[in-house]
Amino acid sequence: MAATRQRKEQAIQMLFFLFAAFSIVLLALILIFLFREGLPIFKTVTPIDFIFGKFWYPTYEPPEYGIWPLIVGSLVVTFIASAIAVPLGVLSAVYISEIAPASIKEILKSVIELIAGIPSVVLGFFGMVILAPWMQETFDLPTGLNIMNASLVLALMAVPTISSISEDALYAVPNEFKEASYALGATKYETIVKVIIPAALSGISTAVILGMARAIGETMVVLMVAGGAAAIPESLFDSVRPMPASIAAEMGEAPFRSGHYHALFATGIVLFFLTLAFNLLADYISNRFKEVGSATL
Amino acid sequence: MVTTANNIIFELKQVNFFYGSTQALTDISMDFEKNRVTALIGPSGCGKSTLLRLLNRMNDLIDGTRVEGEILFEGRNIYNADNDPVEIRRRIGMVFQKPNPFPKSIFNNITYGPRLTGTRNRADLELLVEQSLKQAVLWDEVKDILNKSAMTLSGGQQQRLCIARALAMKPDVLLMDEPTSALDPISTAKIEDLIEELKKNYTIIIVTHNMQQAARVSEMTGFFYLGRLIEYALTTDIFTNPQVKQTEDYITGRFG
Ligand SMILES: Nc1ncnc2c1ncn2[C@@H]1O[C@H](COP(=O)(O)OP(=O)(O)OP(=O)(O)O)[C@@H](O)[C@H]1O
Ligand SMILES: [Mg+2]
């Protein structure tokens, strides 16, 4: 009896292990491929010149493979998008979980889920056809496809991520903390600011960073509305060419295993490390707050 | 029991209480005296916590609740529309059944309430922390770790911290909902000693399932059953000479 049960346990364990191992191996293979195709570019340029080089002219003769303008483009749109999306996402989460009456809560939650469900190409289309002409006219710009436009659309994309993860974190704050606060004569507002948000901070930080990671890796939107200029921007209304846009736009025309091809894969490697850094940061922050014994996800 | 009116701090007149459509308290009329310990006893679900939470309007936080009758605190109905529940809760402190310190440092736990009311001066706050912790017999154990998270304390220490936190508001009344139910005998004894000490300056209303505890710490005891106040009298009378059969059955453990 006991022996068969044990064997069954082992079989189940094995099965789960296989599934887990399969996905890890698959990911590892993708990574190996990324590095195999990207690293050869460093025979032509040094990593420093590649990352900090100011000129991205991969099709010139001789070509220049400096992706600094692309990195700046990615970072600029990500940070401006975050500056817009973080307050919006976090505050809407606070409103939904702590303040809104039940009926409004349901409506808001569905609206946010709806936004989360919009394909990014549709958002990009919105940026192109509505936001861009409006910006161009209102601010009298040469083009409406620029940093501001891309940041706004990316912010719209990041809000649902930030809001829904923050909301979960806020819900996870034990009711006892709230009752303790009210019993000491705190108002609702004081309770939210001084007890609920601090207790959910680890989850909220995770939400923020995952939202940013989402924005930095997003391709379609920046391809459509960032304007595509591979130059270091000087104003918020300049066009940029974030890394994912560059890869998506150029991969089709880069000859197989040419310098340009390897350079695009190497750009992918940089993007990979950036996103990884965001995820590690999210992990670190959520663990750090957890040790204090506060409520977390 | 003869009391003069100015000795009474809480006066309940025909109070009914509803959670949605279920009635949790029926026709409760009772007085609580100033600077005394009153114990509320009764089987689980009889409405003791509900009554306690009515006294500082904590039930307001639950959707769909309704109060009927009058609850007078120092002669004023606390459920009058012009009475701010926040103001009431500052004067009527509460200690919960489960220790619920904030995930903040010990120091910040104690100063949470006073800061809300505008005490900002560091020296004042430090003094208040020391006083409150000494009152709650916790000072010696934590005086060197005031900046550590309150979550690292033991359950009994956490509960005394919660008492200290309530005391830091200098309330007139302290409501305690089974404050020792999660604690070991030593912590329990410490908290009972503390109640003994506190009743000189505070009015204490305590819910307890522990008959010995009610007998030890309180002067008045109310026995509740199914949302009704069955018997309310001097603790010595309740425990030596109960007038109602249900009370007798309950305190002698023959209930059922
Ligand atoms: N939030 C709530 N919503 C609906 N009903 C509730 C709520 N809280 C308590 N009740 C009901 O009210 C009645 C009284 O509950 P209460 O918590 O006051 O009992 P109690 O005497 O404190 O019991 P215990 O000794 O187990 O703590 C119970 O029947 C309970 O089911
Ligand atoms: Mg109770």
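The values are calculated or read from the model by the stated rules, or taken from the named source; none is laboratory data. Just so it is clear, the model here is predicted, and its values are computed rather than measured. Positions of Cβ are generated from backbone atoms using ideal geometry, with glycine treated the same way; all protein chains shown enter the neighbour counts. Note: areas computed on protein heavy atoms with side chains; ligands, DNA, RNA excluded. Shrake-Rupley method; radii C 1.70, N 1.55, O 1.52, S 1.80 Å.
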Qualifying residue in region B:64-75 (condition: without any contact (Cβ under 8 Å) to a residue 12 or more places away in the chain and within 12 Å of ligand 1 (Cβ to nearest atom)): no
Residue within region B:170-178 that is within 12 Å of another protein chain (Cβ to nearest Cβ) and open to solvent by 30 Å² or more (accessible area, probe 1.4 Å) present: yes
Failed item in (1) within 16 Å of ligand 1 (Cβ to nearest atom); (2) touching a residue at least 40 places away in the same chain (Cβ under 8 Å); (3) closer than 24 Å to B:Gln213 by Cβ, with B:Phe17 passing the rest: (3)
Residue within region A:121-136 that is open to solvent by 30 Å² or more (accessible area, probe 1.4 Å), touching a Ser or Thr at 6+ places or on another chain (Cβ under 7 Å), assigned by TED's automatic domain parsing to the domain that holds A:Val225 and part of a helix (DSSP H, G or I) present: yes
Test for B:Ile195: is it in a helix (DSSP H, G or I), open to solvent by 60 Å² or more (accessible area, probe 1.4 Å) and either away from ligand 2 (no atom under 16 Å from the Cβ) or in contact with a Cys (Cβ under 8 Å, 6 or more places away or on another chain) (or both): no
Subset of region B:9-58 (residues that are in contact with a strand residue (DSSP E or B) (Cβ under 8 Å, 6 or more places away or on another chain), of a type in the set (Ser, Thr, Tyr) and open to solvent by 20 Å² or more (accessible area, probe 1.4 Å)): B:Tyr19, B:Thr26, B:Ser29, B:Ser49
The lone exception for A:Lys8 - which of (1) outside the structural domain of A:Val159 (by TED's automatic domain parsing); (2) at pLDDT 95 or above it fails: (2)
Test: residue in region B:98-119 that is open to solvent by less than 10 Å² (accessible area, probe 1.4 Å), in contact with an Asp or Glu (Cβ under 9 Å, 6 or more places away or on another chain), touching a residue at least 40 places away in the same chain (Cβ under 8 Å) and among the small types (Gly, Ala, Ser): no
Residue identified as farther than 24 Å from A:Val225 by Cα and in contact (Cβ under 8 Å) with a residue 24 or more places away in the chain among A:Ser110, A:Ser97, A:Ser103: A:Ser97
Test: A:Gly38 is in contact with a strand residue (DSSP E or B) (Cβ under 9 Å, 6 or more places away or on another chain) and open to solvent by less than 90 Å² (accessible area, probe 1.4 Å): no
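Quick grid of which residues meet (1) outside any helix (DSSP H, G or I); (2) buried (at least 24 other Cβ atoms within 10 Å of the Cβ); (3) facing chain B (nearest Cβ under 8 Å):
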residue: A:Ser166; (1), (2), (3): no, yes, no
residue: A:Ala180; (1), (2), (3): no, yes, yes
residue: A:Ser205; (1), (2), (3): no, no, no
residue: A:Leu210; (1), (2), (3): no, no, no
residue: A:Ala215; (1), (2), (3): no, yes, no
Residue tally, condition within 13 Å of the chain's Cα centre (by Cα) and more than 16 Å from ligand 2 (Cβ to nearest atom), over region B:39-67: 1
Which listed residue, of B:Val95, B:Val142, B:Val129, B:Val137, is within 25 Å of A:Ile192 (Cβ to Cβ), more than 14 Å from chain A (Cβ to nearest Cβ) and buried (at least 16 other Cβ atoms within 10 Å of the Cβ): B:Val129
Of all residues making up region B:198-218, the number that are assigned to a helix (DSSP H, G or I) and within 16 Å of ligand 1 (Cβ to nearest atom): 3
Matching residues in region A:64-103 - criterion: being touching a Phe, Trp or Tyr at 6+ places or on another chain (Cβ under 6 Å) and surrounded by fewer than 19 Cβ atoms within 10 Å (Cβ to Cβ): A:Glu64, A:Trp68
Matching residues, region A:238-264, being aromatic (Phe, Trp, Tyr) and open to solvent by less than 30 Å² (accessible area, probe 1.4 Å): A:Tyr261
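Each row is one residue, and each column tells you yes or no for (1) without any contact (Cβ under 8 Å) to a residue 40 or more places away in the chain; (2) crowded, with 19+ Cβ neighbours inside 10 Å; (3) within 29 Å of A:Ser163 (Cα to Cα).
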{"site": "A:Thr191", "(1), (2), (3)": "yes, yes, yes"}
{"site": "A:Ala200", "(1), (2), (3)": "no, yes, yes"}
{"site": "A:Gly227", "(1), (2), (3)": "no, yes, yes"}
{"site": "A:Ala231", "(1), (2), (3)": "no, no, no"}
{"site": "A:Leu236", "(1), (2), (3)": "no, no, yes"}
